[in-house]
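See structure below.
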Amino acid sequence: MSDLLTKFILKMKNSILIVGLAIVMTALFSCNSGEEGNKDNTKVDSTETEAVEEVKVEKTEDVSFEVAGKCQKCKDRIELAAAMVDGVQFAEWNMETKVLNIKVLEGTDVTKVKNAIVEAGHDVGEQKASDEIYNSLENCCKYRDK
């Protein structure tokens, strides 16, 4: 009877190992099924990539106008003055054409941008910087004819 019991125990041991191996394999495959590889071959859980924040897209407008100036210092001052106004997303002044290109959020008051530039010492169209501010500019920045 002891031989019969030993054979039974060995068969049960093999069955337990096979069932255990099946459980482990199932667990491994189910864990990997939710993962996707990225460019550097690391695994990323797809449940993490599904949770995307809602992004509000704000409309912008491109606006261009002439601004008086002469040099790199003028360019820096004009662009900084424009960029400091709420709603301005981008500002670039072209030294050759004397045109400032700005990208503003829809509804931004462009008059505020022009006023900020005038207050920095640069004429914008018919809007002139005060003589006091203009005269405080460095000599290389004096753009008005005498």
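Can you give the FRET efficiency to the nearest 0.05 for residue 140 and residue 58, using r as the Cβ-Cβ distance and R₀ = 35 Å?
Details: r = 38 Å, r/R0 = 1.08.
The calculated FRET efficiency here is 0.40.
How high is the FRET efficiency between residue 132 and residue 80 when r is their beta carbon distance and R₀ equals 22 Å, given to the nearest 0.05?
On the way: r = 20 Å, r/R0 = 0.90.
Approximately 0.65, to the nearest 0.05.
Quick check: net charge around residue 122, other residues with Cβ under 12 Å of its Cβ, Lys/Arg +1 and Asp/Glu -1? Before the final figure, lay out the partial values.
Numbers: positive: 70, 73, 75, 77, 98, 114, 128, 142, 144; negative: 66, 76, 79, 119, 123.
Local net charge: +4.
Taking a 26 Å limit on the Cα-Cα distance, which of the listed pairs 73/112; 56/114; 73/114; 59/114 fall beyond it? If you can, show how the numbers build up before the last one.
Working: 73/112 21 Å; 56/114 28 Å; 73/114 18 Å; 59/114 21 Å.
The pairs that break the limit, which is 26 Å between Cα atoms, are 56/114.
Give me the Debye-computed log₁₀ of I(q)/I(0) at q = 0.12 Å⁻¹ for the stretch 81-146, equal point scatterers on Cα only, no solvent, two decimals.
-0.32
Compare the peptides 108-116, 57-65 by average per-residue count of other Cβ atoms within 10 angstrom and give them in order, highest first.
Working: 108-116: 17.1, 57-65: 11.7.
The packing order, highest mean first, is 108-116, 57-65.
FYI, it's all coordinate maths here, none of it is from the lab. Values in this document were obtained by computation on a predicted structure and should not be read as measured data. Positions of Cβ are generated from backbone atoms using ideal geometry, with glycine treated the same way; all protein chains shown enter the neighbour counts.
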